[in-house]
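The values are calculated or read from the model by the stated rules, or taken from the named source; none is laboratory data. Not measured: the values here are computed from a predicted model. With ideal geometry, Cβ positions are generated from the backbone for all residues, glycine too; neighbour counts draw on all protein chains shown.
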Amino acid sequence: MKEVVYEVSCPHCHKKNKVYVLLSDDFNEKEEFHCDFCGLEIGAVPAAEPPRTEYVKEDNS
Amino acid sequence: MQHDHLISFSELSDSFEKNTSNTEKKRVFAAKVNAAMAQREPADAKDDEPFEYRSKIEKLEALDKIVAEGLDDLDSSQVMSLFSAYRDLAAFDKMIDLYKNTDNEDFKNAPMVREQLAVAYRKVPRGNKEQDNNEKLADKMWDYHQSMNICLSLIDEGYGNGITFENIGRCMRYIANKTEMNDKTAQAKRKNELLNDSLDHLEKGFMATMETSIGIQAVHGNILTGQLGKAKETAKVVYLAALRDGAEESHDYFCLSAALQAACIAGESKDVVDHLFHRLESSIRYKWELEDIAKDMNRIAKTMPSERSVDIAQRMENLKKLAIPAKNSKGDETDLIVFKHKLKEDRFLSEDKKLKAVRSYSYSYRGCGSAFRGTNRVGGNMAFGGQLPDHTVSRKDLRLFTGLVKMTPAELGIKFNKPIQGVNMDVVMNQPLTKIKDPELFMVIADKFIRQTFSTQNFAGSNLHMENNALDKKKFNAKDGKVVEESAYDATVKSVLRACGKKIGEKDPNIDTRTNISAIFALGMGDCRHHAQVKQIMFDMWQKQQMNETLNDMYYQVWQGKQVDTAGPKAQEFFEVLDTELRTADVQVRLPILMKQEEKKDWAKDGTSSVRKDAKGNAVMVDKPYSPQLVDGKFVVDKNERLHNLEDHTLCWLIKKDRHRHLIEFGLRDAFYQDLHYEWGHQNVPIDEIKVTSKGKPRIPAGIIHGSRTDTGEDIPIYQVPTPYNKGKRDSVVTNSIGRDVCLVGVPLAGFATPNDFLAMIKDRDGMADIMQQVLLSDPENLGWTAWRSPKPKETKKEISLQQGIACKGQTVSTTKLNLQEKLNQQSNADNQQKTLNMKNLVVQKKQKSGGKV
């Protein structure tokens, strides 16, 4: 298992989010993730567990 | 409320006021939920106006406020709209709380709600700063077990589907990942047991549902546990299941990723693998998607090397080098990726332009029938002031129609006045529709059933032949002094809309006009769209049963440790069904005749219109739909041979391709226009005569108008071309349906518990005709329609039908048939039980082998 961090802009509110994804060394599954600011779904990511998102305040100010 | 107030059709005529009041209450509630979920502040701000995006916290507070006002008066669809809103915001804890706090049993017991609750338990984050990691883990483990228990209950009750089995498999894998013990040997053993249990559930899930998403996980589970042979054989079936679900034309990364991996493992041909690779390449948007498929392909190439898997793994690695991070507006790199090289975006795996054209401008419910999520909506126009409600196709509809295709024509009450040529009617009438192998025979029977139920030839006994609906109109003076022309059908539709509490012409997006196709069919009130939709669903469910039967047999071979023969008779049987598609198309009926003219209007977004003017200030005139110029009742031929749109129409096309992906048969299979105007019930079109425009739109020759009906006395051709709004597949997901309710223009209906209840209403044609007439007569806005049905309609003379003929042969025949049917059913049940028993034995043997608990 390893954690990777992606930075994604929300397609709805355009705020930048950090997405923390736990990846399995084996097979990963489709997990949706949501914008930490507006709450809406950004997309889906292959992951071993539901990812966590964090709104990046300084980049969005 | 503990239970929704469902109304029956017979209450409709007395429900004008009550439903109007209920509609208003529901409209107010829907507006509140919509306001809570508004993305912008102010909510109606346009892009070029100042606004702020609303945060998740604001939205949740607004939703919580609605919940705090009380749940007692809400029906299941209203509770569901809150549940869905929380889900849309990933507020899984709130979903769980809402489920606990509501008393609405219809909501709480609905399988779709419970599935979503199970997913919420799996996904809800646990723990707070005060808790240590062990406490958080304990909470999360409890969630996983709770999530699995919900799914196991659903499976026990017969509601197992892709989501339930997959959820169990995931939970077990997550528990395995989090399991820690002091004794590392015991820990490894326990993890192994859990992973095997996870695989068992995925395999059972695939056997039960034949859903691709579970199948590909079972493939990987087998790879991880070292069962490479089984992984390969499973992949062959998964690949076929992906084809059944329309992977060939999919845009979805996960669907394509599964199809590509399965195709590589199964050893599919190079062109298939290439096509899937190119579709996947053009669907990848994020860096992680590319990394994920590259990693999976790399593992497959290493563990199961083959020409295809090694090639695709290499191409994925190359693709990673070609991916360029997209930059945001500030110039920073993002995780979105783009490719500089030109991508191949062919939607279909075929070079045949005609095949591509006819498929691109039509749709079916094949994908819905397999991995169905929620409820699909075919938009109406009531929210924009029109009188066409939203049509929805929910799981409930699919379940009800699947129930119907498992019945015999005799049970369905289908009546034939003459035998179908070349068919033993005695056999056909008494075998389930699913036993029919010939699609043409199936469609003949389905058409009869559909036309009988919609009383196409005599709508509700009003003497209106539905094919004449656009012509057979009566003139009435409306209250505002205008002359209104409407048919008995048009008038009934309007009255039913009003009986359901809706105002015609009212533009309001908060008005719920959901109308399930089952409700329309049971009532028997349908035009060409409904005829086509019912036929499409029946055909797709019939085909799905057949394809799943062959896939199931093939996967059973895998369970028995045998190889799957993808060129064998079972596979051929599967492809025979797969390559024959019925697809619904919205078309313009175009022919070289002159039409009456009207002023061209430009419509604004707010629903207002203005007349378009030319440079000189004169109104621009255009053809008036459904209004041909007539002389002595004959069409006036356009001497310039220009094609004009006589009407918009919806019908089914039969599309058949060969294994080389060429269109080999094309036909019109319209359930609506069969007797008058056009003979489209069964009209094959020579492939050579189908033209494709430079934009890829098909032009279908659809017969002729005979010279006796034209002013020149000469035959003129008819063509079908896609309507401007025909975009192929056009349905969208509805969020406020629990997937169980059946609605008529937003009003939940009683009487749809089982396919047999549904059938009882379908068979009660006289009763439904009385109800429709009564609704029209009770309508305060009735323009002057009077009763057309005799006081005792049920005692009117009935036509002698072949079905009655069979029934008249007496009890002996029926009993014999019943006994035969019972035997067939018993045999089928015995087969299934034997299969299940064998599967269980295999599981037991495997578990005993691996030392796992049974």
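Yes/no matrix, rows are residues, columns are (1) within 14 Å of chain A (Cβ to nearest Cβ); (2) touching a residue at least 40 places away in the same chain (Cβ under 8 Å); (3) of a type outside the set (A, V, I, L, M, F, W, C):
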| residue | (1), (2), (3) |
| --- | --- |
| B:302 | yes, no, yes |
| B:305 | no, no, yes |
| B:311 | no, no, yes |
| B:321 | no, no, yes |
| B:324 | no, no, no |
| B:332 | yes, no, yes |
| B:335 | yes, yes, yes |
| B:338 | no, no, no |
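Which one is nearest to the chain's Cα centre (by Cα), of the residues in segment B:52-82 that are in a loop (DSSP other than H, G, I, E, B) and more than 11 Å from chain A (Cβ to nearest Cβ)? Top of the filtered list is B:75. For segment B:468-524, a tally of residues being in a helix (DSSP H, G or I) and in contact with a Cys (Cβ under 8 Å, 6 or more places away or on another chain) returns 1. Taking first residues from segment B:515-542 that are in the same structural domain as residue B:437 (by TED's automatic domain parsing) and closer than 13 Å to residue B:391 by Cα and partners that are modelled with pLDDT of 95 or more and part of a loop (DSSP other than H, G, I, E, B), the Cβ contacts under 6 Å between residues at least 6 apart in sequence or on separate chains come to B:526/B:454; B:531/B:671; B:531/B:672.
For the structure I just gave you, tell me whether residue B:343 is more than 12 Å from every other protein chain (Cβ to nearest Cβ) and part of a loop (DSSP other than H, G, I, E, B). Yes; evaluated as a whole, the condition is true for this residue.
Confirm whether residue A:21 is more than 20 Å from residue B:55 (Cβ to Cβ), at pLDDT 85 or above and either not acidic (Asp, Glu) or not in a loop (DSSP other than H, G, I, E, B) (or both). For residue A:21, the condition - more than 20 Å from residue B:55 (Cβ to Cβ), at pLDDT 85 or above and either not acidic (Asp, Glu) or not in a loop (DSSP other than H, G, I, E, B) (or both) - is met. Taking the criterion of being crowded, with 18+ Cβ neighbours inside 10 Å and at pLDDT 90 or above, the residues of segment B:68-77 that qualify are B:71, B:74.
Scanning segment B:91-103 for residues that are within 14 Å of another protein chain (Cβ to nearest Cβ) and either under 16 Å from residue B:147 (Cβ atoms) or in a helix (DSSP H, G or I) (or both) returns B:92, B:93, B:94, B:95. When segment B:500-547 is filtered for residues that are at pLDDT 90 or above and over 28 Å from residue B:763 (Cβ atoms), only B:547 remains.
Pairing residues of segment B:152-166 that are assigned to a helix (DSSP H, G or I) with residues that are charged (D, E, K, R), at Cβ distances under 7 Å and at least 6 apart in sequence or on separate chains, gives B:154/B:114; B:154/B:115; B:162/B:211; B:163/B:115; B:164/B:115; B:165/B:204.
In segment B:189-211, the residues that are more than 14 Å from residue B:167 (Cβ to Cβ) and crowded, with 21+ Cβ neighbours inside 10 Å form Cβ pairs under 6 Å with partners that are at pLDDT 90 or above and among the polar types (S, T, N, Q), at six or more places apart or across chains, as follows: B:210/B:548. Checking B:312, B:324 one by one, the residue that is among the β-branched types (Val, Ile, Thr) and part of a strand (DSSP E or B) is B:324 and no other.
For segment B:104-130, how many residues are more than 14 Å from every other protein chain (Cβ to nearest Cβ) and either over 21 Å from residue B:748 (Cα atoms) or part of a helix (DSSP H, G or I) (or both)? Within segment B:104-130, residues that are more than 14 Å from every other protein chain (Cβ to nearest Cβ) and either over 21 Å from residue B:748 (Cα atoms) or part of a helix (DSSP H, G or I) (or both) number 14. Does residue B:143 count as of a type in the set (Asp, Glu), more than 14 Å from every other protein chain (Cβ to nearest Cβ) and part of a helix (DSSP H, G or I)? No, not satisfied. Checking each residue of segment A:17-39 against the condition of being more than 9 Å from the chain's Cα centre (by Cα), surrounded by 22 or more Cβ atoms within 10 Å (Cβ to Cβ) and more than 8 Å from every other protein chain (Cβ to nearest Cβ) gives no match. Within segment A:44-61, residues that are within 7 Å of another protein chain (Cβ to nearest Cβ) and within 9 Å of residue A:21 (Cα to Cα) reach partners that are assigned to a helix (DSSP H, G or I) and modelled with pLDDT of 80 or more with beta carbons closer than 7 Å, at six or more positions or on different chains, in the pairs A:45/B:288; A:46/B:288; A:46/B:292; A:48/B:177; A:49/B:174; A:50/B:123. If you go through segment B:216-241 and keep only what is buried (at least 21 other Cβ atoms within 10 Å of the Cβ) and more than 13 Å from chain A (Cβ to nearest Cβ), you end up with B:232, B:233, B:234, B:235, B:236, B:237, B:238, B:239, B:240, B:241. Closer than 28 Å to residue B:460 by Cβ and small (Gly, Ala, Ser) - does that describe any residue in segment B:540-562? For segment B:540-562, residues closer than 28 Å to residue B:460 by Cβ and small (Gly, Ala, Ser): absent. Residue count for segment A:40-61, restricted to those that are over 17 Å from residue B:55 (Cβ atoms) and either aliphatic (A, V, I, L, M) or more than 10 Å from the chain's Cα centre (by Cα) (or both): 6. Does segment B:499-506 include one or more residues that are more than 23 Å from residue B:670 (Cα to Cα) and of a type in the set (A, V, I, L, M)? Yes, because at least one residue in segment B:499-506 is more than 23 Å from residue B:670 (Cα to Cα) and of a type in the set (A, V, I, L, M). Residue count for segment A:24-43 under the criterion of being touching a residue at least 24 places away in the same chain (Cβ under 8 Å) and not in a strand (DSSP E or B): the result is 6. Residues of segment B:173-188 being touching a residue at least 24 places away in the same chain (Cβ under 8 Å) and either part of a loop (DSSP other than H, G, I, E, B) or among the basic types (Lys, Arg) (or both), which ones? The answer is B:173, B:178.
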